[in-house]
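Worksheet for the structure shown next.
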2 protein chains.
Amino acid sequence: MKKNSKEAIIQAAISLFTANGFDGTSIRDIANKAKVNVANISYYFQSKQGLLEYCFTTFFEEYLLKIEKGYASLDHGASFCLKQMSSVIIEFLCDNIQFTSFIFREMSIDSQTVREIMTTYYRKEKYFLQKVLEIGVESKEFRPQSISYIIVQLKGLWTMPFLNAPYLREVLYLFPNERYFAAKYTLEINKWIDEVLCVKKLA
Amino acid sequence: MKKNSKEAIIQAAISLFTANGFDGTSIRDIANKAKVNVANISYYFQSKQGLLEYCFTTFFEEYLLKIEKGYASLDHGASFCLKQMSSVIIEFLCDNIQFTSFIFREMSIDSQTVREIMTTYYRKEKYFLQKVLEIGVESKEFRPQSISYIIVQLKGLWTMPFLNAPYLREVLYLFPNERYFAAKYTLEINKWIDEVLCVKKLA
């Protein structure tokens with residue numbers, strides 16, 4: 001029973017935060033949707049802020065597992081590995097598109113919580129990306145590049161459709177929630193890896 | 001006098017929205033900061049929502065002027081023109097970095113206002129980008145590509161540092177508010193245009 005109400009609170013919070021934003025959601029809204037009383041939420045999460053942090057942690061724990069899963073293929077070469085990471089991440093983000101959009105939007109706000117989450121998760125992600133890029137340059141698969149600026153581009157590719165979902169829908173008529181999108185977009189990222197990173201092979 | 005208080009309200013609103021978000025700012029906060037009374041704000045903008053729309057319009061009117069300024073160089077070729085557009089836009093966005101971050105973050109929320117702004121401004125921007133890309137393909141400067149997906153990438157490059165400013169600072173130690181960044185980042189975008197879009201020249 002207890003576990004069920006905790007789970008119900010989390011699901012209600014994710015769905016309300018996603019639809020109405022963090023500031024637009026009250027603890028009472030969450031309690032009503034989860035069919036629990038307010039004291040229950042305080043018991044598990046202390047506050048709305050606590051719940052938000054729990055959402056971040058849930059999201060990024062899984063996110064990092066995906067990154068590590070992709071990274072595990074480094075034996076097959078740096079380019080293969082980076083493509084694998086992109087494919088696994090884009091699929092994960094598309095599968096959770098509304099939650100992803102909410103989390104990424106919150107991560108764009110400069111707050112104490114965001115800084116802590118970045119230090120914990122994005123620094124690790126950076127470590128993996130940097131390793132792949134460095135090994136790629138060493139093995140002459142990739143051309144030498146400014147690693148930070150390459151990470152800006154790659155992370156831009158990974159986050160763009162979720163931070164700009166209304167733009168994709170309204171202006172470009174692309175629908176990141178459709179299965180087709182993840183597959184096609186991953187191919188575009190692969191092309192970016194081939195063209196921007198890889199050493200040119202003579203035709 | 002009247003013009004001055006209107007200007008003061010706008011400046012106060014931009015600065016408070018940027019620092020505390022739209023939901024975290026009250027009309028009273030704005031009135032206090034602008035040293036006007038609340039009725040003044042109602043007179044000029046009706047409501048906080050009206051003020052937000054005014055901010056959007058101010059931002060995107062100037063944004064579109066920059067796009068058009070870059071587009072005007074199309075006679076010099078599609079690749080030159082796209083680089084010119086990127087350079088002008090990145091400089092504009094960096095010069096207004098906090099306002100830019102706020103506007104882009106608000107644009108990621110799916111609302112009636114956002115949809116209207118997109119229809120007015122981003123559709124025009126898309127028209128210009130599409131023209132440059134199509135002409136580039138026609139003149140054999142660019143390889144044939146899926147134009148929508150190329151616009152996703154390019155817009156991703158243009159928006160990434162502003163939607164993810166805390167990430168750039170905290171994780172990558174890049175500072176988009178420094179003059180140096182705009183110049184270096186524009187070179188990265190130029191490289192992307194050369195590698196991903198342009199027909200390969202034999203070395």
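Observations
- Flag for A:Q84 being in contact with a helix residue (DSSP H, G or I) (Cβ under 8 Å, 6 or more places away or on another chain), assigned by TED's automatic domain parsing to the domain that holds A:T186 and more than 20 Å from A:E125 (Cβ to Cβ): no
- Restricting region A:173-185 to residues that are assigned to a helix (DSSP H, G or I) and either surrounded by 16 or more Cβ atoms within 10 Å (Cβ to Cβ) or more than 9 Å from chain B (Cβ to nearest Cβ) (or both), the residue that is nearest to the chain's Cα centre (by Cα): A:A182
- Among the candidates B:S79, B:S47, B:S87, residue that is touching a Cys at 6+ places or on another chain (Cβ under 7 Å) and more than 21 Å from A:I109 (Cα to Cα): B:S79
- Search result, residues across region B:135-149 that are within 20 Å of B:H76 (Cβ to Cβ), over 24 Å from the mean Cα position of the chain (by Cα) and not aliphatic (A, V, I, L, M): B:E138, B:S139, B:K140, B:E141, B:F142, B:R143
- Test result for B:S79, closer than 22 Å to A:E188 by Cβ, part of a helix (DSSP H, G or I), assigned by TED's automatic domain parsing to the domain that holds B:F181 and not β-branched (V, I, T): yes
- Test: A:T119 is part of a helix (DSSP H, G or I), of a type in the set (S, T, Y), facing another protein chain (nearest Cβ under 10 Å) and more than 24 Å from B:W192 (Cβ to Cβ): yes
- Per the conditions (1) at pLDDT 95 or above; (2) surrounded by fewer than 20 Cβ atoms within 10 Å (Cβ to Cβ), the sole criterion not satisfied by B:G136 is (2).
- From the list B:E188, B:E195, B:E170, the lone residue that is in contact with an Asp or Glu (Cβ under 8 Å, 6 or more places away or on another chain) and facing another protein chain (nearest Cβ under 9 Å) is B:E195.
- Of all positions in region B:34-53, at least one carries a residue that is buried (at least 16 other Cβ atoms within 10 Å of the Cβ) and among the basic types (K, R).
- Residue in region A:96-108 that is assigned to a helix (DSSP H, G or I) and more than 13 Å from every other protein chain (Cβ to nearest Cβ) present: yes
For (1) among the charged types (D, E, K, R); (2) assigned by TED's automatic domain parsing to the domain that holds B:F22; (3) surrounded by fewer than 19 Cβ atoms within 10 Å (Cβ to Cβ), each residue gets a yes or a no:
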| position | (1), (2), (3) |
| --- | --- |
| B:E106 | yes, no, no |
| B:L129 | no, no, no |
| B:V132 | no, no, no |
| B:F142 | no, no, no |
| B:Y149 | no, no, yes |
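- Filtering region B:18-33 to residues that are within 14 Å of another protein chain (Cβ to nearest Cβ), at pLDDT 90 or above and surrounded by 14 or more Cβ atoms within 10 Å (Cβ to Cβ) leaves only B:T25.
- Boolean, A:L157 is crowded, with 18+ Cβ neighbours inside 10 Å, touching a Ser or Thr at 6+ places or on another chain (Cβ under 7 Å) and within 7 Å of chain B (Cβ to nearest Cβ): no
The values are calculated or read from the model by the stated rules, or taken from the named source; none is laboratory data. Keep in mind that what you see is a predicted model, and the values were worked out from it rather than measured. Reconstructed Cβ throughout: ideal geometry from the backbone, glycine too, with neighbour counts over all protein chains shown.
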